[in-house]
Every structure is written in C-alpha cells, then in structure tokens.
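Below you'll find the structure, written out as structure tokens, and then a few comments.
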Amino acid sequence: MPFGHDMVHSLATVVELVNTSPSTGGDEGLPGLPELAAFVEAREVSGIGALTARDLGQVRIVREAFHRVFTAADQPTAVRTLNALLSETRITPRLTEHDGHPLHVHYHAADATLAEHLAADCGVALAHLLVEGEVERLRTCAAPDCDRVFVDESRNRSRVYCDSRTCGNRMHVAAYRARRRA
C-alpha cells in the first residue's frame, strides 16, 4: 500500500489503540492516566496538554467505535460506523511539520482534545482505506485465542495473524505438531 507517513502512522495508531481494548481479548490496556500518557508518548501524538480522567473516558469511547469499524460485517456497516464517529468530530485539515517528520496533514482542530485528535486523524486514515475499496485490509487475527486487530499491508492481502512472531509462529508450530501426530 503506497501510503504516506501520516497515513501509515495513523493506521498504526488506530490499531494500537483498538488493541488496548478488552474487546480484543486482553486486559484493559488503558486502565488509567499513566497508561494513556504512555500511549500518547509512544505513538507521538502531538499537541496534547495535560491529560484528565475525561480524556481517558473519551478515548475509550473512540476506541470502541474504531473497534466496531474493524469488526464490521461488511463495508456499508464499516462506512456507517465511521461516518457516525467522524460526524461528531471537528475536522480542520492543515499542513504541518513537527518532531522531525516531513510535511503532512493533520485533520484535528488545533485545540482538539486527545479523543478528537485520534478520531479525526485515525478516522480520516480509515476513511481513505474504505474509499480505496480496501476494507478487507481491516482484519482480526485468525488465531483462535486472539481477537487483536491489524491492517493487512501485504501486497496480496494474505496476512492473517496480528503478529507473525507470536500468533503466527504459535499457530504454525501447532499445525506442524498436529501433522507430526497424524
């Protein structure tokens, strides 16, 4: 997928955000403000001031909306879900350069909350993916005990596991052992 830095970054951010949800089969990845602050720092979310409990609650709501986009039964459902989220988000595109990154577009308003920032930038990245007819790239891991999401960036859309080193390797070893027993 020939996407620019900002789109790739936003897609990776939305994947990481969704995968903090208990809805993906793990523990709550954002149990408090320290974890939210760590997420903001790790994902290089710029222009965010002091975080509050309200930010945490709003980010969790946005996270679940994004999860519904990834797990939508079909493209029309994904589009409706994403449109609902975007309709509640102030989107103000502007060109920016910061933190050593090349010129790119931010879609959030200058005074946006963290949730609005994520909803706008990540939502627009997902919207571009849907517009390009690439909804099948939004995947849930095929491992039976994993519900993590990912964006399949492979050329032939063949990726099935959230991480080839963990789930992929574990499933390949299990299949090998099953063949050896047979």
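For the chain, the residue among Cys167, Phe39, His98 whose Cα projects farthest onto the positive side of the dipole built from Cβ charges is Cys167. Applying the Kirkwood pairwise sum to the alpha-carbon positions of segment 52-182 produces a hydrodynamic radius of 16.8 angstrom. Given +1 at the Cβ of Lys and Arg, -1 at the Cβ of Asp and Glu and no other charges, the dipole of segment 5-136 around its Cα centre is 360 debye to the nearest 20.
Principal-axis analysis of the Cα atoms of the chain puts helix 33-42 at an angle of about 80° to the longest axis. Roughly how many whole Å is it from the C-alpha centroid of segment 122-150 to that of segment 1-41? Each part reduced to its Cα centre gives a spacing of 13 Å. A simple packing score, the average count of other Cβ atoms within 10 Å per residue, orders the peptides 125-133, 8-16, 31-39 as 8-16, 125-133, 31-39, with the highest score first.
Under a 5 Å amide H cut-off, with hydrogens placed 1.01 Å from N, His108 pairs with Thr92, Asp121 among residues at least 5 apart or on other chains.
Relative to the longest principal axis of the Cα atoms of the chain, helix 169-181 runs at roughly 10 degrees. Given labels modelled 7 Å from the Cα in the Cβ direction, how far is it in nm from His98 to Ala53? Spacing of the two 7 Å Cα→Cβ label points: 2.8 nm.
Our summary gives segment 5-136 a relative contact order of 24 percent, counting only alpha carbon pairs under 8 angstrom and 6 or more residues apart. Taking the protein heavy atoms of segment 5-136 in the context of the full set of protein chains, the accessible area attributed to carbon and sulfur is 55 percent at 1.4 Å. Between 0 and 90 degrees, the angle of helix 5-18 with respect to the longest Cα principal axis of the chain falls at about 70 degrees. Applying a 4.7 Å Cβ-Cβ cutoff to the chain leaves Cys122, Cys167 as cysteine residues with no disulfide-compatible partner.
Between Glu64 and Ser87, the distance separating the two model label sites (each 7 Å from Cα on the Cα→Cβ line) works out to 1.9 nm.
Extension gain, Glu28 to Glu153: 0.36 nm times the residue separation minus the Cα-Cα distance gives 42.4 nm.
The values are calculated or read from the model by the stated rules, or taken from the named source; none is laboratory data. Because the structure is predicted, anything quoted here is derived from the model rather than measured. Note that each Cβ is placed from the backbone with ideal geometry, even for glycine, and that neighbours are counted across all protein chains shown. Surface areas here come from the heavy atoms of the whole protein model, side chains and all, with no ligands, DNA or RNA. Shrake-Rupley method; radii C 1.70, N 1.55, O 1.52, S 1.80 Å.
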